[in-house]
């Protein structure tokens, strides 16, 4: 079985199939960002993204994730170590105190902003509802996610701009072909 | 040691049907002496308010017959993001002449005074005094003719 963890393909040995995936990530792959806190899926400290959807992995087994695309907190920053704008916003807003909930919070916020890049504060509150934090009172986490939203808006616009010229060239090409056909006719 | 003064205020509603308390707004003003790292000071105060709101409304260790039944976060309910209101922090800087940087403590002072503020606000809303936490409210009595008239 194969897993795609942080854009790397990983072959899972048969012996690890029945392991919980949080243990597999932490112990076998040394990705210790996802924390195993409550062990029953109540707190959200183990959240990772599976196909861009937040998932609590402390109650799930490795075999449930065959062929899925997994993103952990280690895959958020650029390969050269530059922090993702959302991580930077967490630092700038002081949204980290003990740091135990932070990986889950960043990934939940990332998944939410990918879907909704113009959020209101109430929507952010609802989005991180399932993640528990004892230190920050959530206020600065919400500030941070709000602060990072413009980056996702720019990315969204960039994607739209990138896909729009293709359409234009496509229409131009089709016109050209019709013209060519006309000339030929 | 210098005197440490602080004040927190809260605005809330009590549902007449279920007795559920919803926090709408909370403000905290703390004399921290000297805010060495203002963002971190704010974080401490926000966190303290959140914990205090938890003490006042949700958190309870149950041990019937001496056997603990609140063993994990599914039974010991700490505040989630939706339980908390938008909070505002006012930092007051009034340096402590005795401490080397002028700073005073902030971790614990922020932690304890939102619960009494909530108890007072519940008294203001319902007329009932509560002296133990968490505060459990049942269904509220129907408004009397006088109260209706006042509205």
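Each distinct pair of alpha carbons in segment B:15-87 adds a 1/r term; the inverse of their mean, the Kirkwood radius, is 14.6 Å. With the helix formula -39500 (n - 2.57) applied to DSSP H stretches of n ≥ 4, chain A reaches a computed 222 nm mean residue ellipticity of -14000 deg cm²/dmol. Other protein chain C-beta atoms within 10 Å of residue C-beta, averaged over B:35-48: 4.
Peptides A:69-81, A:92-104 ranked from most to least packed give A:92-104, A:69-81, packing being the mean of other C-beta atoms within 10 angstrom over each peptide's residues. Considering all C-alpha pairs of segment A:1-131, those separated by over 22 Å amount to 34%. Its DSSP H runs of at least 4 residues, each contributing -39,500 (n - 2.57), put the calculated 222 nm mean residue ellipticity of chain B at -8500 deg cm²/dmol, to the nearest 500. Other protein chain C-beta atoms within 10 Å of residue C-beta, averaged over B:64-73: 2. Ranked by the mean number of other Cβ atoms within 10 Å per residue, highest first, peptides B:29-37, A:4-12 order as B:29-37, A:4-12. With N counted as the residues of segment B:53-102, its alpha-carbon radius of gyration over 2.2 N^0.38 Å works out to 1.92. From the Kirkwood radius over Cα pairs of segment A:1-75, Stokes-Einstein at 4 °C and 1.567 mPa s returns a whole-number translational diffusion coefficient of 108 µm²/s.
Sorting the Cα pairs of segment B:75-128 by distance into bins of 5 Å, from 0 upward, gives 4, 12, 13, 21, 18, 12, 9, 7, 3, 0 percent per bin. Taken residue by residue and averaged, Cβ atoms of other chains lying within 10 Å of the Cβ of A:137-148 number 5.
Both radii come from the Cα set of chain B: Rg as radius of gyration, Rh as Kirkwood radius; their ratio Rg/Rh reads 1.06.
With one equal scatterer per alpha carbon and no solvent term, the Debye-computed log10 I(q)/I(0) for segment A:78-170 at 0.14, 0.15, 0.16 1/Å reads -0.53, -0.59, -0.65. Of the residues B:85, B:100, B:134, the one that moves most in a GNM of chain B with alpha-carbon contacts below 10 Å is B:100.
Contact order for segment B:6-150, expressed relative to its length and based on alpha carbon pairs under 8 Å spaced 6+ residues apart, stands at 38 percent.
Shape index of the protein assembly as shown: Rg/Rh, with Rg the Cα radius of gyration and Rh the Kirkwood radius from the inverse mean 1/r over Cα pairs, equals 1.10.
Readers should treat all values here as calculations from the given coordinates under stated rules, not as data from a laboratory. Not measured: the values here are computed from a predicted model. Counting neighbours? That spans all protein chains shown, and the Cβs are built from the backbone with ideal geometry, glycine included.
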